[in-house]
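Inspection log for the structure reproduced underneath, given as structure tokens.
Nothing in this text is a laboratory measurement; each read-out follows from the coordinates by a stated rule. Predicted model only: the values in this text are computed from it and were never measured. Here the Cβ is made from the backbone with ideal geometry for all residues, glycine too, and neighbour counts use every protein chain on show.
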Amino acid sequence: MAQQLSSKKNNFGLGVSLRNYIRENAGILIGLVLLCIIITIVNPNFLSSNNLMNVLRQTSTNLYLAVAMTMIIILGGIDLSVGSVMAVTGVVTTMSIATWGFPVWIAIIIGILVGLLFGAINGYISATTIIPPFIVTLATMNIARGAAYVMTDGQPVRVMSDSFNFIGSGYLFGFLPMPVLYLIIFLIICYIIMNKTKLGRYMYAVGGNPEAARFAGINIKKVKFFAYTFSGFMAAVAGIVLASRMFSGQPTAGNGAELDAIAAVVLGGTSMSGGIGKIGGTVIGALIIGVLSNGLNLMGVSSFWQYIVKGIVILIAVYADVIKRRKAV
Amino acid sequence: MGNKLLEMIGVNKRFPGVYALKGVDFNLESGEVHALLGENGAGKSTLMKILGGIYGIDEGEIFIEGKKVQINSVKDAQGYGVSIIHQEIVLVPYLTIAENIYLGREPLNNSGFIDKKIMFENAQKFLDDFDLGLSSSTLVNDLTVAQKQMIEIIKAISFNSKIIVMDEPTSSLSEKEVDFLFNTIRNLKKKGVGMIYISHRMNELMEITDRITVMRDGEYIGTVVTKQTNVDQLISMMVGRELTNYYIRDFGNSGETVLKVDKLSRKGAIDNVSFELKKGEILGFAGLVGAGRSELMKCIFGLDPFDTGDIYVNGKKVSIKNPNDAINNRIAYVTENRKEEGLFLIESVRFNLTIKILDEFLKFFRVNQRYENNVANNYINELSIKTPSTEQAVGNLSGGNQQKVLISRWLATKPKVLILDEPTRGVDVGAKSEIYSIMNRLIKEGVSIIMVSSELPEVINMSDRVAVMWNGRIQKILSRDQFSQETIMHYATGGN
């Protein structure tokens, strides 16, 4: 039997993966390219390396949240608290440095622990009770936002620390923004989790058919707990990086960030009913949102109008995607 | 029997890559129950979907009461008096019976609001006609499966349907409820309604139908009068060859006790159940729906907690609190509801097959997909699962192949005790026979099987012993020389 096993080889090469990736995401990839072309025609500055790095840096915050959100939505859940958790972790981290005088690395650990705590609470309640995750995270969203306001009395917490500022504003080798570096690392980790590990398999299983997962002896609680806790962790990363870039912890930070993350996930082709989705799609989804707002800025469109454009783009893109999928079936 | 209600002549239907119907003829007379029989994929559902206006027709003609008709939509079909009762119940659970019957065509009063009084009264008349003893203001959610099925039928009749199609109407009904359904069908016959009856259950077809049309691979094979045929002839028409040995079972000597269940109880479900399972035997579990068979299996497999009692594996007392405890004791459970509780329908064959054995492919923490694919392919070959590839979504396979995928998943865990709950439900004849031969092979390899089944012929032909359950208890354990449909039914209905 062993011989038979090894004799049958399948091609899992990089070329095949890339081709599959392009085929799976053809719709939104074309959308993204079209968007880039239009913006470049209107304003060629779009293609400057400075601007492109800028887009990546801005998109990275959204993607920290969106990759974890992808896992949760594949699981059949939702996490509305991430924007607020960003704020509270940013505030806690900056206060640890500025108010309580901790060293930067300890402050970061404290911030991440706070994010993990919120995630764990979301995960624990969602996994062990029948309260829908929408409600659970709606509640923690309010609690986290409130905590950020209470701790700061609504005022930003300024931090004067070069090493802290480097976290969000520094460059690796002089050209790669640090936030983009973290993003690449987390994307690789998440890709491996979702595509190569048992845990990832179980997420698709739980989201695709929770009853069947239970009958197969999958520990659903553990899987859910992990996903929400991981989401809290990624929100902390986003919060700390953002605080570093703004030289301050803002209690208003990340307002509505959860919705941008959900938009990126949905644009990327993940099904809100669970079981279907890919991290790779979410990356393109987030890039569409990032390129769009960057492009609109370059064109001088006011931020008020940008909301309206973004809303319309999301509707059209998701509708087109749904149509495409239905035809495929 | 009366005049021709429906005639379908030379119906052709092609889907991309599939020639689904090749010049199929079918006719139905008023007051007749006409069965459509064929393996899954034979084209029965496609033909009915054309009649019901869900699919368009490529070539062919349809006559209803002698007039040529064009059916382009579900509305058209309803207009011609055609109603289809689908296998899955499509009622709105939190609306009343009356609201469900009149959904989409509610009677209005003069001011344009729904005339609830008339609606409830009319619905009540229908319910009383069928002697259901239900109030039209009852929520559908509070009804049993059989009652819901009745409501579907009443809904069809309320459209003044002349032609009613029933797709596997008894698949989730108990014996008693089936009797009730058959009485309803006989009543409808008297009123001149023509019914097309799709089912895999031969004994039901023999009992209730007047004629049987057999289809195979999208082709019309033939129509026979039920009274002049027998099961063997029908099966050979369906599979195109004589199935000389349908039940495959070599009876041998069973060995020592591998599983012992001692005085297991769970409030409201099972009551003081004890039995032993021997190595290399098939222990059948017979009983009516609701007798507690599946509930018992769920306790043994750790899906539901039990209040009192003990489980012994190979003579040692074990603690089973969740499915993983059971799996670690080499117990596997193939659920009766493969779509709801078994398979991940949107995922691939490979995903479904290997979900319980991922540890075998783990390299550090990564799943080795190449190795995994090979294992999946081995099971596909071994159980002859018909699928284009390992990556095909399991939901696209036929019922029999889905069932084989689910069985493979559990075989991959190398179980010593395999619990099969309704292993051939909704599976066509060919696949059924294959599943029996898989069971036979497993027994020879020393696996012990518990088979819960509501199909008495299956229980009788495949089991070494049969435990008959009633009301949460094991009423009697029968040995092979005591088997007969009559004795089993005697104990299944509470006899001593």
In nm, the gap between the two label points placed 7 Å beyond Cα toward Cβ at A:I312 and A:K222 is 5.0
For B:K263, counting only aspartates and glutamates whose alpha-carbon sits under 17 Å away and dropping same-chain residues fewer than eight positions off, the answer is B:D271, B:E276, B:E295, B:D304, B:D307, B:D310
One finds the C-alpha centres of the range B:381-412 and the range B:331-352 to be spaced, in Å, by 10
For the table A:K222/B:K414; B:K260/B:K298; B:K75/B:K155; A:K222/B:K363, the rows whose alpha-carbon distance is greater than 18 Å are A:K222/B:K414; A:K222/B:K363
Expressed in Å to one decimal, the Kirkwood Rh of chain B from all distinct alpha-carbon pairs is 24.7
Candidates A:V159, A:V114, A:V309; GNM for chain A (alpha-carbon contacts under 10 Å) flags as most fluctuating A:V309
Answer in debye to the nearest 20: the dipole magnitude of the range B:4-239 about its Cα centre, from +1 Lys/Arg and -1 Asp/Glu charges placed on Cβ, is 460
Rounded to one decimal in nm, the spacing of the 7 Å Cα→Cβ label points at A:F304 and A:L172 is 4.2
With the 8 Å Cα cutoff and a minimum separation of six or more residues, chain B has a relative contact order in percent of 15
Computed for the protein assembly as shown: size of charge dipole around the Cα centre, +1 on C-beta of each Lys and Arg, -1 on C-beta of each Asp and Glu, debye to nearest 20, value 1940
Any lysines whose Cα falls less than 19 Å from that of B:K176, other than same-chain ones fewer than 8 residues away, would be B:K148
Ordering B:59-70, A:138-149 by per-residue average of other C-beta atoms within 10 angstrom, highest first, gives A:138-149, B:59-70
Expected integer from the mean partner chain Cβ neighbour count at 10 Å over A:268-277 is 1
The relative contact order of the range B:4-239, taking Cα pairs under 8 Å that sit 6 or more residues apart, comes to a percentage of 29
Candidates A:Q58, A:Q155, A:Q306; GNM for chain A (alpha-carbon contacts under 10 Å) flags as most fluctuating A:Q306
The alpha-carbon center of the range B:439-496 and that of the range A:50-81 are separated, in whole Å, by 56
Among A:I106, B:P457, B:G395, the residue whose Cα sits farthest towards the positive end of the charge dipole of the protein assembly as shown (+1 at Cβ of Lys and Arg, -1 at Cβ of Asp and Glu, taken about the Cα centre) is A:I106
With the charge dipole of the protein assembly as shown built from beta-carbon charges (+1 for Lys and Arg, -1 for Asp and Glu) about the Cα centre, the Cα from A:M178, B:G287, B:P93 projecting farthest to the positive end belongs to A:M178
log10 I(q)/I(0) for chain A, Debye formula on C-alpha points only (no solvent), q = 0.15 Å⁻¹, two decimals, reads -1.29
What helix-only [θ] at 222 nm does the protein assembly as shown give? Using -39500 (n - 2.57) per DSSP H run of at least 4, over all residues, to the nearest 500, the answer is -15500 deg cm²/dmol
Taking every residue of B:352-365, the Cβ atoms of other protein chains inside 10 Å of its Cβ average out to 3
Counting other chain Cβ atoms within 10 Å of each Cβ in A:204-211 and taking the mean gives 5
Along the range B:400-407, Karplus-curve 3J(HN,Hα) (6.51, -1.76, 1.60; θ = phi - 60°) to the nearest Hz, with x for Gly and Pro, reads x, 6, 4, 4, 5, 4, 5, 4
Expressed in angstrom and rounded, the centroid-to-centroid distance over alpha carbons for the range A:113-159 and the range B:19-76 is 58
Protection proxy (average C-beta count within 10 Å per residue), highest first, orders B:153-166, B:95-108, A:237-250 as A:237-250, B:153-166, B:95-108
Out of B:Y371, B:T424, B:V349 - ranked by how far each Cα lies towards the positive end of the dipole of chain B, with unit charges on the beta-carbon of charged residues - the top one is B:Y371
